[in-house]
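Every read-out reported here was derived from the displayed coordinates using simple, explicitly stated rules and does not represent laboratory data. The model shown is predicted, which means the values in this text are computed figures rather than measured ones. Glycine also receives a Cβ, built like all others from the backbone with ideal geometry; neighbour counts cover every protein chain displayed.
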């Protein structure tokens, strides 16, 4: 790297630290002036006029960038065992570089390779058991096929996707809305460490020490989609950040899929809305992989997603809740089928732990889980095994 390129990278790190930054604004000025260093040599009046900013914002920009030391920032990055990439670095992901507003600086902790395609699996923090189970299954299947799973390290669907990817022995990337030396939420600190330990990576465009601000997470979401070939929304209401990710994906030319959900469930409104408006339904990882462009399919192990003949649903059962497994035991051994009341009666007679707490409503939730897993079917008011 030449001295001039070193200086240009330091200038970009300095500009990236401006708290009101939008990367598209910075990149337009870099193109206009011919480099980031040139921006730092301009007066507030010039930046305001050429960048379309208010004079007050331009003055604040000059004031903040003057006191920010990019060399100290890089020391913090190295201390955290991370690195800071710009478009000047060959490591910077090409797929991300091609979006409208790629991060001016991409902080990375861990190792990553873009040789395998990636898919975003996102959803609400207030996930249902159904959503958590489907997110886990999709992530597991994607990793089994050789796809990297990308999500946002948030509670709920994101956490389920990351954890399932790790359990499957796959690679997962987390894109966060804070500096790399801050984990939000705190309870996912161990999960973040495991992602790195297992060959994955944590990404951020925010400077070291940047805290969790509401405005940061929509910015984070466009990076999730920018790193991915396709994005699947598992659950989320209309105002969910997952739908912001879906919108970003559409703007970036990525494929958007959604998991169908119950029509009376608030967190299914987002995915169902997306499907009604043209998003492909995602029932399994094959649906997601089928949306990839042809060049991204090379080397994927899609045969791993096909259900082995005569497995009796054993693979699916491993992903089910404890309630669903209990209900499965009594339904599969009833050749004439059972209605919900009969399921409750059978469970009570089986003497299972907590059997006295079973109700038709509880059994109904477990039966729905088994139906969506295609393990049982409902005919003439009775449930019976379909495998």
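What to note about this one:
- Rounded if a/c under 1.5, otherwise prolate or oblate - region 42-117, Cα gyration tensor axes: oblate
- Neighbour-count ranking [beta-carbon atoms within 10 angstrom, fewest first] of 151, 348: 348, 151
- Within the chain, helix-based [θ] at 222 nm, where runs of 4 or more DSSP H residues each add -39,500 (n - 2.57), nearest 500: -13000 deg cm²/dmol
- The gain in end-to-end length when the residue 262 to residue 193 segment is fully stretched comes to 21.4 nm, 0.36 nm per residue minus the alpha carbon separation.
- Taken as Cα centroids, region 3-40 and region 154-171 sit 35 Å apart, rounded to the nearest whole angstrom.
- When each of 289, 196, 134, 15 is scored by the number of other beta-carbon atoms lying within 10 Å, the sequence from fewest to most is 196, 289, 15, 134.
- Estimated distance in nm for a label pair at residue 38 and residue 377, the labels positioned 7 Å out from Cα along Cα-to-Cβ: 6.8 nm
- Cα shape, region 206-283, gyration tensor, a/c 1.5 rule: oblate
- Folded to 0 to 90 degrees: helix 157-167 orientation relative to the chain principal axis, Cα: 80 degrees
- Listed candidates [x] 31, 25, 22; [y] 35, 23, 19; [z] 47, 19, 18 - label of the one calculated as semi-axes √(5λ) of the Cα gyration tensor in Å: [z]
- Convex hull volume of region 152-272 per residue (C-alpha atoms, cubic angstrom): 107 Å³
- Relative to the longest principal axis of the Cα atoms of the chain, helix 360-372 runs at roughly 70 degrees.
- Potential lengthening of the chain between residue 88 and residue 46 amounts to 12.6 nm, from the contour at 0.36 nm per residue minus the alpha-carbon distance.
- 0 to 90° range, to nearest 10: angle between helix 70-79 axis and the chain longest Cα axis: 40 degrees
- Highest-first packing order for the peptide set 361-369, 32-40 is 361-369, 32-40, based on the mean count of other beta carbon atoms within 10 Å.
- Proxy reagent accessibility, fewest Cβ within 10 Å first, across 321, 359, 23: 359, 321, 23
- For region 106-208, the square roots a ≥ b ≥ c of the C-alpha gyration tensor eigenvalues yield an a/c of 1.5 or more together with a/b not exceeding b/c, which makes the shape oblate.
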